[in-house]
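So the structure is just underneath, and the comments pick up after that.
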Amino acid sequence: MPLFGKDIYWYGVQAISLLETGELHSPDRSPVFHIVAFLFSILGVNDDSLYIFQILTSVWLLFCLTLSRFLLKSHTDIWNLFPSVMVILIGFLYPKQAWALGFLLISIAMYLSRSVPTEIVRWFGSGIYFFLATWFHTMVGVLGLGILVLYRIPRKYRLILFLSALVLPYLFENNTNERFVVDTKTFPVFAAYGMVGVGIVWDWIRLLFGKNVFPSHQSIYKTISFLSLILVIPIFHFADIQFRILISVLLIGSLFTLANRKESVFTVLSFVLWIYTFLQSPHLFRYPYEDMWNPGEKAASISDNGLLVAHHGFCEYYHFQFRKDCLSWEPDEKAINEMPSQTQIYRLVYGIRFQNLRASQENHQPIFSMIEPLGEYQLVFEKDWQHYIQWLEKRNSKLLSVAKSWKNPYRTRPSFIQRKQNYGI
């Protein structure tokens, strides 16, 4: 069964490194990679083990959601047979985030619960689970802290907060921070629709205007609903940070939703919209991994291949399957210095036909000294590719938008990513 998700092979790469060297391939303090390594040690290093890890992650998140509802004394009955779509979506797309969110849900539930015997136990238990959430994924810990702060701010000040958040992106629009890129040209809700379809827009509207909530949970629900409203403002680069925050907020919001026939109808409709999008546009949720084996095997068999450059997703798949270095960025000095001697850099071009590459000439000489057609990919020398990019820029070619996109990495790694990545990937 082809794997679902766009980062799943990265977990395999990290786990293999743990098993073979005792250290992570790239430093990361989250224990989630140790869970994958444990599964590999029992089930073997293969795609099936990764698939089981994804299922285990979703089961974990569903368990935490159910336990949290129990702690809050939420009404549970047959209408809870349809849990939030976010459980499956986050569990398969962002496993590390999913494990952290499980702990955060329990932390929030304990903080708000009145069924815990004493105040000290409630605060101590909530703090322990919040620590675990932060340990598994720092962003989730920051999100939990943000919800707590927002929850404690009087509602009369929320309009001021919203207006401040509305102005903030335009003050930092031209910032040069490598981690946070503010994009005021893209409205985040439309960006979310383009990323995963209409289902997420429906779930956002449900959270924003939902009234089917237990009276005792109205205050925290309105806090989370207000946070989802702030997230329509382009505070961060949406695809990188804000989208992950949004789906986390949608999941947390489902914790306080009253389970009954009316709400279950909305949830079923959400499932239908998500399933429709997945069937119509599966590429939004996964890479075509089944098309990557042949080009990966060919590239790995080249004796002087010291580093392969390919798009994100392929690199993780390639490293997992063939144990070879790959970079989903333009080669930088660090990557070049780590290459074995007497080797070259190759690139797998994606989205540009073999005929187009072969027809490119300058001064009646072909730009590419070698082109190996490999299905949807074309294997070339990186130095020829850089020449080709310059040639496209001179001609202002329409192919430039494909040549300089996620399909064909053209940006250099930011310094904070270089520090995290020990090898080529």
- Message: Please check: in the Gaussian network model of the chain (C-alpha springs, under 10 Å), which one of L39, L308, L93 has the largest mean-square fluctuation.
- Response: L39
- Give the long-range amide H neighbours of R286: residues separated by 5 or more places, or on another chain, with amide H under 5 Å away, using H modelled in the peptide plane at 1.01 Å from N. G5
- Query: Cysteines of the chain lacking any other cysteine beta carbon under 4.7 Å?
  - Reply: C64
- Task: Sticking with the crude label model, points 7 Å out along Cα→Cβ, report the distance from N363 to E23 in nm, one decimal please.
- Result: 4.6
- In nanometres, the difference between 0.36 nm per residue of separation and the alpha-carbon distance of S281 and K398 is 39.6 nm
- Item | Phi to ³J(HN,Hα) by Karplus 6.51 cos²θ - 1.76 cosθ + 1.60 over the range 281-291, Hz, x for Gly, Pro | 9, x, 5, 5, 10, 7, 8, x, 4, 5, 8
- Task: Using only Cα atoms, find the angle between the long axis of helix 198-209 and the longest principal axis of the chain, and express it within 0 to 90 degrees, rounded to the nearest 10.
- Result: 30
- Considering only L72, L161, L273, give the residue with the highest GNM mean-square fluctuation for the chain, with springs between Cα atoms whenever their separation is below 10 Å. L161
- Query: Considering only A100, S113, V85, whose Cα is most displaced toward the positive end of the charge dipole of the chain, charges sitting on Cβ of Lys, Arg (+1) and Asp, Glu (-1)?
  - Reply: S113
- FRET efficiency (Y193, W123; Cβ distance; R0 51 Å; to 0.05) is 0.80
- Note on the structure: 1/(1 + (r/R0)^6) with r = Cβ-Cβ of H387 and R353, R0 = 22 Å, i.e. FRET efficiency to nearest 0.05, evaluates to 0.75
- Extension length gain for K73 and I336 (0.36 nm per residue less Cα distance), in nm, is 88.9 nm
- Task: Could you grab the relative contact order for the chain? Cα pairs under 8 Å, six or more apart, rounded to a whole percent.
- Result: 16
- Relative to the longest principal axis of the C-alpha atoms of the chain, give the angle of the C-alpha long axis of helix 95-112, reported between 0 and 90° and rounded to the nearest 10°. 10
- What ³J(HN,Hα) values, in whole Hz, does the Karplus curve 6.51 cos²θ - 1.76 cosθ + 1.60 give for the range 11-27 when θ = phi - 60°, with x put for Gly and Pro? 5, x, 4, 5, 5, 4, 4, 4, 5, 8, 10, x, 10, 6, 4, 10, x
- Could you tell me which of the pairs K298/K324; K383/K404; K6/K324; K96/K211; K96/K404 are separated by over 21 angstrom between their Cα atoms in the structure shown? K96/K211; K96/K404
- Furthest towards positive pole of dipole, V349, H364, S397, structure part the range 289-420, Cβ charges: S397
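For the chain, what is the calculated [θ] at 222 nm in deg cm²/dmol (nearest 500), taking -39500 (n - 2.57) for each run of four or more DSSP H residues and dividing by its residue count?
So the calculated ellipticity at 222 nm is -18000 deg cm²/dmol.
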- When a/c is below 1.5 the answer is rounded, else prolate if a/b is larger than b/c, else oblate, so apply that to the range 332-415 with a ≥ b ≥ c taken from the square roots of the Cα gyration tensor eigenvalues. prolate
- Note on the structure: Rounded to the nearest Å, the spacing of the alpha-carbon centers of the range 107-121 and the range 311-331 is 46
- In nanometres, the difference between 0.36 nm per residue of separation and the alpha-carbon distance of F131 and S219 is 29.3 nm
- Message: What's the magnitude of the charge dipole for the range 8-284 around its Cα centre, counting Lys and Arg as +1 and Asp and Glu as -1 at the beta-carbon? Answer in Debye, nearest 20.
- Response: 1300
- Message: Explain nothing, just compute: Karplus ³J(HN,Hα) = 6.51 cos²θ - 1.76 cosθ + 1.60, θ = phi - 60°, for every residue of the range 399-411 in order, whole Hz, x for Gly and Pro.
- Response: 6, 5, 5, 7, 5, 10, 8, 4, 5, 9, x, 10, 9
- Among K73, K96, K262, K324, what is the fewest-to-most ranking by other Cβ atoms within 10 Å? K262, K73, K324, K96
- Query: To the nearest 10 degrees, how steep is helix 382-395 against the longest Cα principal axis of the chain, on a 0 to 90 scale?
  - Reply: 80
- Query: What FRET efficiency would be calculated for the residue pair L62, V268, taking the C-beta separation as r and a Förster radius of 22 Å, to the nearest 0.05?
  - Reply: 0.85
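Readers should treat all values here as calculations from the given coordinates under stated rules, not as data from a laboratory. On a predicted model such as this, the values are computed, not experimentally measured, just so you know. Every residue, glycine among them, receives a Cβ derived from its backbone with ideal geometry; neighbour counts consider all protein chains shown.
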